[in-house]
Amino acid sequence: MTEVTGTTRIVNEGSAAAESVDVLIVGAGISGIGMAVHLRDKCPGKSFAIVERRDEIGGTWNLFQYPGIRSDSDMHTLGFNFEPWTEQKAIADGPSIIKYLHRIKAKHDLEKHIRFGHKVLSASWSSEEARWTVTAEKADGSQVTMHANFVYMGAGYYDYDHPYDAQIEGLQNFRGEVVHPQFWPKDLDYAGKKVVIIGSGATAVTIVPVVAEKASHVTMLQRTPTWYAARPAKDALANFLRKIMPEKWAYAIIRKKNVWMQDITFRTSRDNPEKVIRKLEKPLKKELGDKYVKEDYTPPYGPWEQRLCLVPDSDMFKAIAAGRADLKTGHIDTVTESGIRLKSGETLDADIIVTATGLKLAVAGKVAFEVDGKPVHWPDHYYYKGCMFSDIPNLAIVFGYLNASWTLKADIVSEFTCRVLNHMDATATRIANPVLDTELEQEQLFDFSSGYIQRSIDELPRNSTAMPWKLNQDYLFDKKILRNDPVDDGVLRFYGPNSQQGAEAGEPALEAAE
């Protein structure tokens, strides 16, 4: 028996009532909120729900609470294509990003669609019923079942429960406080204390200048240097344009300009790295003066072989130049009761050690997927157009760019998913499956040497050498493919339920039983 209530259906299965929707969105962060807005705009007849494990929207921006948390991309590209960023700062802090997402949630009336405190455990696809059965755990430990014709994964790309454990020798000996940024204590008092931050990525670079304002001294300890890109936190051109034209126009112009600049910088980094290196080094030398030591700021790899680390307003360099912080390059011998001893013999005294040593990747939010009773093993599947997977029906996922803003990918994946859903309606089909029926030449999934990528590469889906079986790091190319190429490309096949092979697109589809 099915009861229609608002935009969802309640399916009574025995004594249990399971919510049933056309589209189930997993995650209420940037990816999930964006999909919900695109869905309402482009597929207004579709019912949907968003399941979110936390009690608030925001995803990464809600989880991370370390000092100074901010975007490492400009908000004209980290913002959505449908909602202008209107703040003065283009490099925004976490609370400003959360405020932006709340504004969108209210504007598009999304609150009623969000199921907070729902951690998705498993998702099981039935070709016979043409739907997913999703099991989620609530905060009280109870479990709920939901049904959806289509699942959209917006759960991010890393493990929310467990950060990367760098296995730092002797860390258990330390008598002070040890903090990982992923679980920063709200009551941590670092005023007047000596703080050592292990790591040199975006998180460490964000924490250093903020903590240095109150701590007696901050040391950033790096094993290898990182390439830094210093730029103003405010975009002067964007703020000027907003004064002389409508915000939407100004936002669109700056967004296009920044996308173009990101693309040019990335390509130049690969083709002419020395040119990019000279440009990156210039503001460092200016701000650091005689504290600039080339060996500490010259990585053993080229720019954009790992992600560039953004330093807005050169704030970290200014803290180092003022003597409130310093940077050390070296390998840890062991952690002692009172600090860190390096293999060089140098010791770093510390009251607090921050292990900003990186994240741990997780595919599809660690949800246990299965298709027709067979567990999904991700390395057995290829990416399809960077947002679906071979032989897994009615599932889309967002994996943002490593060389550009996450939201650029989230927007075009949402748009493509809506195109797929509308095509299914137009052809009276219920299943969209990227069918792989030939052997493919494999290619490395990511041409990046970042540790968090290399540590997890064997757990990730496969990549081929050409579209459609490929995850790209090229937004401009992907945008053309996902927005303009035919949905019915002969690879993504559209079926009706209750069929081993399914009906070809356009043939009458069998109705799935409720």
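A few remarks follow.
- Among residues of region 433-489, those that are small (Gly, Ala, Ser), surrounded by 13 or more Cβ atoms within 10 Å (Cβ to Cβ) and either modelled with pLDDT of 95 or more or under 23 Å from Ile412 (Cα atoms) (or both), counted: 1
- Test for Asp189: is it farther than 26 Å from Gly29 by Cα, among the charged types (D, E, K, R) and outside any strand (DSSP E or B): yes
- Some residue of region 181-195 being in the same structural domain as Ile254 (by TED's automatic domain parsing), under 24 Å from the mean Cα position of the chain (by Cα) and free of Cβ contacts under 8 Å to residues at least 12 places away in the same chain: yes
- You will find that of Gly68, Gly58, the residue that is under 30 Å from Ile353 (Cα atoms), of a type outside the set (Asp, Glu), in the same structural domain as Ala139 (by TED's automatic domain parsing) and touching a Gly at 6+ places or on another chain (Cβ under 7 Å) is Gly58 and no other.
- Test: residue in region 47-58 that is farther than 30 Å from Phe183 by Cβ and in contact with a helix residue (DSSP H, G or I) (Cβ under 7 Å, 6 or more places away or on another chain): yes
The rows are residues; the columns are (1) touching a helix residue (DSSP H, G or I) at 6+ places or on another chain (Cβ under 6 Å); (2) not β-branched (Val, Ile, Thr).
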{"residue": "Ala130", "(1), (2)": "no, yes"}
{"residue": "Thr133", "(1), (2)": "no, no"}
{"residue": "Asp140", "(1), (2)": "no, yes"}
{"residue": "Pro163", "(1), (2)": "yes, yes"}
{"residue": "Gly170", "(1), (2)": "no, yes"}
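- The residues on offer are Tyr158, Tyr152, and the sole one that is farther than 28 Å from Ala18 by Cα, buried (at least 16 other Cβ atoms within 10 Å of the Cβ) and among the aromatic types (Phe, Trp, Tyr) is Tyr158.
Here is a yes/no grid of residues against (1) touching a residue at least 24 places away in the same chain (Cβ under 8 Å); (2) aliphatic (A, V, I, L, M); (3) in a loop (DSSP other than H, G, I, E, B); (4) assigned by TED's automatic domain parsing to the domain that holds Ile91:
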| position | (1), (2), (3), (4) |
| --- | --- |
| Lys282 | no, no, no, no |
| Lys285 | no, no, no, no |
| Leu288 | yes, yes, no, no |
| Tyr301 | yes, no, yes, no |
| Gln306 | yes, no, yes, no |
| Leu310 | yes, yes, no, no |
| Phe317 | yes, no, no, no |
| Ile320 | yes, yes, no, no |
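- Scoring Ser390 on the criteria (1) surrounded by 20 or more Cβ atoms within 10 Å (Cβ to Cβ); (2) modelled with pLDDT under 95 leaves a single failure, condition (2).
- Just one of the numbered conditions (1) aliphatic (A, V, I, L, M); (2) in a helix (DSSP H, G or I); (3) in the same structural domain as Trp184 (by TED's automatic domain parsing) is not true of Ala364: (3).
The values are calculated or read from the model by the stated rules, or taken from the named source; none is laboratory data. This structure is a prediction, so every number in the text was calculated from the model and none was measured. Every residue, glycine as well, gets a Cβ built from its backbone with ideal geometry; the counts of neighbours run over all protein chains shown.
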